[in-house]
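S.K.: Got a structure here, written out as structure tokens. Questions coming.
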Amino acid sequence: MSTVSISELASTAQESAKILSPDAVAFLRELHARFEPTRLSLLEQRRKRQQAFDRGEFPRFLPETQSIRSAAWQVAPIPAELLDRRVEITGPTERKMVINALNSGARVFMADFEDANSPTWNNCLEGQQNLIDANRRTIAWRAADGRQYQLGSTPAVLFVRPRGWHLLEKHFHVEGTPISASLFDFGLYFFHNCRILLDRGSAPYFYLPKLESHHEARLWNDVFVFAQQFMGVPAGIIRATVLIETISAAFEMDEILYELREHSAGLNCGRWDYIFSFIKKFRNRPDFVLPQRGDVTMEQPFLRSYVELLIHTCHKRGIHAMGGMAAQIPIRDNPQANDEAMQKVRDDKLREVRAGHDGTWVAHPGLVPVARGVFDEFMTGNNQISMPADPRSRITESNLLEIPQGRITEAGLRRNIDVALRYLESWLRGNGCVPIYNLMEDAATAEICRAQLWQWIRYGARLDDGRLITAELHQKVLTGLLAELRGTMSAEAYAASKFERAGELLCEFTGGEFQEFLTTKAYADLV
């Protein structure tokens with residue numbers, strides 16, 4: 001029998017022992033034994049595909065799966081409680097956030113172990129306990145000022161996003177090998193909650209992040225089939241929405257739905273990670289340098305094409321096509337600025353509902369009424385799912401690869417450095433969902449910032465005033481920002497912060513060879 005060990009750096013609190021019960025650990029051990037070899041093989045396929053991109057090849061619609069794309073099939077019927085998903089809220093698994101999100105008026109809350117979570121051991125295990133309590137309807141929280149938080153009478157439907165296939169949970173080893181973070185997060189949630197949910201007439205629902213191929217979707221489907229058998233629950237109860245947030249996955253949407261067809265809850269436009277992927281996958285091409293983040297809007301042709309193809313594909317297969325995130329935060333002390341921010345949210349959601357999306361994401365409870373108002377007005381039914389008039393999409397390979405146009409300004413350069421620095425500092429302190437300049441930032445936006453900085457420095461991009469973007473210019477701006485931060489904090493507070501370490505990491509991310517994921521490199525600081 002394989003052995004399991006928990007890092008001595010990990011918490012051994014009584015709460016942890018409840019989550020990592022002997023039966024739960026046995027389930028995790030089985031998941032690792034059965035699926036770790038396939039996971040490693042798929043990560044090797046990712047590396048080989050990147051090498052092909054580095055040689056100048058582009059992703060394409062796969063000729064070997066043409067029969068799947070052209071065949072008339074649909075995914076399994078939608079469960080009744082998932083028919084209407086017009087507004088979904090996302091956030092970390094922190095206890096107060098879970099309660100507020102479930103009470104927000106959104107139809108769905110996606111509890112996030114991935115981009116909105118700094119994966120400290122306590123965050124991961126406490127998050128699991130919070131979700132168990134939420135599903136038992138016993139979750140409550142008392143603030144320091146005495147305010148009580150508890151669930152209302154009609155909470156949102158809960159989805160869970162485990163970490164991606166590329167990540168490890170280094171606090172939990174099987175035979176001396178760290179377990180896949182995907183299997184760890186999924187396994188603990190499913191083990192502890194599947195029967196609770198079934199007894200209440202619900203089921204376990206998931207969001208699957210950062211898939212790069214339909215083979216990776218097949219692995220998730222195999223995990224679902226085994227997990228249901230292991231727990232002795234009916235086949236097909238699990239439903240999962242896949243985030244299309246890599247450029248390679250955009251060319252395999254039909255195939256991804258097909259692999260998960262008995263467990264599919266549709267696709268989602270994970271647009272921030274998608275922009276990051278566009279930079280990352282074509283990082284060795286100087287002709288693919290992107291403008292500043294603020295100019296890479298959803299009006300850019302490559303993003304409009306991505307949205308159109310996703311909606312067409314989902315509706316052809318009888319399932320939801322979910323829109324992207326509105327990251328704005330209500331601005332309480334500036335009514336004019338708040339009105340402008342809320343108008344941006346309305347405009348974004350109006351674009352999505354008119355494009356044909358069946359629902360959308362927000363990052364703050366205060367945005368739920370705004371997004372819901374737009375979808376209530378323009379989406380009169382539960383969703384907009386219907387067979388397209390022409391089953392063939394008009395989107396071509398070249399449409400998905402069209403390079404966006406725009407500027408690079410000094411303000412854009414500074415904002416990228418500033419946001420990446422502030423986010424990294426917070427992440428290193430254990431907070432993965434960070435309000436910065438009235439936007440709720442997570443790892444995806446930090447990834448865009450640091451990837452753009454790397455790209456601009458590597459290929460000698462120029463600011464709109466003609467100045468060359470160099471490592472020296474980056475260092476000058478970073479040094480200035482750190483000095484400004486020191487000036488706004490006490491010496492003790494600055495010394496206790498992680499800003500110096502965040503600055504070191506940011507320099508590492510923007511020089512040398514491209515780092516695949518910010519969170520993989522920085523994770524060493526949490527273990």
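S.K.: It is to be established whether one or more residues within the range 46-63 are of a type in the set (S, T, N, Q) and not in a helix (DSSP H, G or I). It would help to see each step written out before you state the result.
M.R.: Initial filter on the range 46-63 (of a type in the set (S, T, N, Q)): 50-51.
Okay, now just the ones that are also not in a helix (DSSP H, G or I), so none.
Within the range 46-63, not a single residue is of a type in the set (S, T, N, Q) and not in a helix (DSSP H, G or I).
S.K.: Could you list, in sequence order, the residues of the range 105-117 that are crowded, with 24+ Cβ neighbours inside 10 Å and not β-branched (Val, Ile, Thr)?
M.R.: Ala106, Phe109, Met110, Ala111, Asp112, Phe113, Glu114, Asp115, Ala116, Asn117 - these are the residues of the range 105-117 that are crowded, with 24+ Cβ neighbours inside 10 Å and not β-branched (Val, Ile, Thr).
S.K.: Among the residues of the range 338-345, is there at least one that is more than 20 Å from Leu83 (Cβ to Cβ), among the acidic types (Asp, Glu) and without any contact (Cβ under 8 Å) to a residue 12 or more places away in the chain?
M.R.: Scanning the range 338-345, I find at least one residue that is more than 20 Å from Leu83 (Cβ to Cβ), among the acidic types (Asp, Glu) and without any contact (Cβ under 8 Å) to a residue 12 or more places away in the chain, so the answer is yes.
S.K.: State whether one or more residues within the range 162-179 are over 22 Å from Asn100 (Cβ atoms), acidic (Asp, Glu) and touching a Pro at 6+ places or on another chain (Cβ under 8 Å).
M.R.: Yes, the range 162-179 contains at least one residue that is over 22 Å from Asn100 (Cβ atoms), acidic (Asp, Glu) and touching a Pro at 6+ places or on another chain (Cβ under 8 Å).
S.K.: A further question on this structure: Considering the range 149-176 alone, what residues qualify as being out of contact with any helix residue (DSSP H, G or I) (no Cβ under 8 Å at 6 or more places or on another chain), in contact (Cβ under 8 Å) with a residue 12 or more places away in the chain and surrounded by fewer than 21 Cβ atoms within 10 Å (Cβ to Cβ)?
M.R.: Passing the criteria: His173, Glu175, Gly176.
S.K.: Being small (Gly, Ala, Ser), exposed (fewer than 14 other Cβ atoms within 10 Å of the Cβ) and modelled with pLDDT of 95 or more: is that true of Ala72 here? Steps first, answer last, please.
M.R.: Details: small (Gly, Ala, Ser): yes; exposed (fewer than 14 other Cβ atoms within 10 Å of the Cβ): yes; modelled with pLDDT of 95 or more: yes.
Yes; evaluated as a whole, the condition is true for this residue.
S.K.: In the range 119-151, how many residues are part of a loop (DSSP other than H, G, I, E, B), modelled with pLDDT of 95 or more and farther than 28 Å from Thr445 by Cβ? Explain how you work it out, then say what you get.
M.R.: Kept after step one, since they are part of a loop (DSSP other than H, G, I, E, B), are these residues of the range 119-151: 119-120, 137-139, 143-147, 151.
Subset that is modelled with pLDDT of 95 or more: 119-120, 137-139, 151.
From what's left, farther than 28 Å from Thr445 by Cβ: 137-139, 151.
The qualifying residues number 4.
S.K.: Still on this structure, please answer the following. Which one of these is at pLDDT below 95, surrounded by fewer than 18 Cβ atoms within 10 Å (Cβ to Cβ) and either within 30 Å of Ile403 (Cα to Cα) or charged (D, E, K, R) (or both): Glu81, Glu64, Glu15, Glu36?
M.R.: After ruling out the rest, the residue left standing is Glu15.
S.K.: Now for a separate question. Assess whether Lys349 counts as being of a type in the set (Lys, Arg), assigned to a helix (DSSP H, G or I) and within 20 Å of Gly105 (Cα to Cα).
M.R.: Judged against the criteria, Lys349 is a match.
S.K.: Identify, from the list Phe276, Phe288, the residue that is buried (at least 24 other Cβ atoms within 10 Å of the Cβ) and on the phi < 0 side of the Ramachandran plot. Before the answer, list the steps.
M.R.: Details: Phe288 fails: buried (at least 24 other Cβ atoms within 10 Å of the Cβ).
The match here is Phe276.
S.K.: I'm told Glu340 meets every condition in (1) surrounded by fewer than 22 Cβ atoms within 10 Å (Cβ to Cβ); (2) over 24 Å from Ile78 (Cα atoms); (3) within 22 Å of the chain's Cα centre (by Cα) except one. Can you identify the failing condition by its number?
M.R.: So Glu340 meets the others, but not (3).
S.K.: So is Arg95 in contact with a Phe, Trp or Tyr (Cβ under 6 Å, 6 or more places away or on another chain), modelled with pLDDT of 95 or more and of a type in the set (D, E, K, R) or not?
M.R.: Criteria met by Arg95.
Results for (1) part of a helix (DSSP H, G or I); (2) in contact with a helix residue (DSSP H, G or I) (Cβ under 9 Å, 6 or more places away or on another chain), shown as yes or no for each residue.
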residue: Arg261; (1), (2): no, yes
residue: Asn268; (1), (2): no, yes
residue: Asp287; (1), (2): yes, no
residue: Tyr306; (1), (2): yes, yes
residue: Leu309; (1), (2): yes, yes
residue: Pro330; (1), (2): no, yes
residue: Val345; (1), (2): yes, yes
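S.K.: Which condition number in (1) small (Gly, Ala, Ser); (2) modelled with pLDDT of 95 or more; (3) more than 14 Å from Gly432 (Cβ to Cβ) is the one that Ala116 fails?
M.R.: Condition not satisfied by Ala116: (3).
S.K.: If I filter the range 18-33 down to residues being under 20 Å from Asn122 (Cα atoms) and out of contact with any helix residue (DSSP H, G or I) (no Cβ under 6 Å at 6 or more places or on another chain), which single residue comes out as modelled with the lowest pLDDT?
M.R.: Taking the candidates together, the pick is Lys18.
S.K.: Working carefully through the options Asp465, Asp418, find the one that is of a type outside the set (S, T, N, Q), exposed (fewer than 14 other Cβ atoms within 10 Å of the Cβ) and touching a residue at least 40 places away in the same chain (Cβ under 8 Å).
M.R.: Asp465
S.K.: Sticking with this one: Being modelled with pLDDT of 95 or more, not in a loop (DSSP other than H, G, I, E, B) and not assigned by TED's automatic domain parsing to the domain that holds Gly270 is true for just one of Gly487, Gly432. Which residue is that?
M.R.: That would be Gly487, the only listed residue that is modelled with pLDDT of 95 or more, not in a loop (DSSP other than H, G, I, E, B) and not assigned by TED's automatic domain parsing to the domain that holds Gly270.
S.K.: Among the residues of the range 84-104, what is the count of those that are assigned to a strand (DSSP E or B) and surrounded by fewer than 22 Cβ atoms within 10 Å (Cβ to Cβ)?
M.R.: Of the residues in the range 84-104, 0 are assigned to a strand (DSSP E or B) and surrounded by fewer than 22 Cβ atoms within 10 Å (Cβ to Cβ).
S.K.: Return the total of residues in the range 378-410 being touching a residue at least 12 places away in the same chain (Cβ under 8 Å) and in a helix (DSSP H, G or I).
M.R.: The number of residues fulfilling the criteria is 5.
S.K.: Output the residue which, of all residues in the range 479-492 that are surrounded by 11 or more Cβ atoms within 10 Å (Cβ to Cβ) and aliphatic (A, V, I, L, M), is farthest from Ala420 (Cα to Cα).
M.R.: Among those that are surrounded by 11 or more Cβ atoms within 10 Å (Cβ to Cβ) and aliphatic (A, V, I, L, M), it is Met489.
The values are calculated or read from the model by the stated rules, or taken from the named source; none is laboratory data. This one's a predicted model, so the numbers in the text were calculated from it and none came from an experiment. Glycine also receives a Cβ, built like all others from the backbone with ideal geometry; neighbour counts cover every protein chain displayed.
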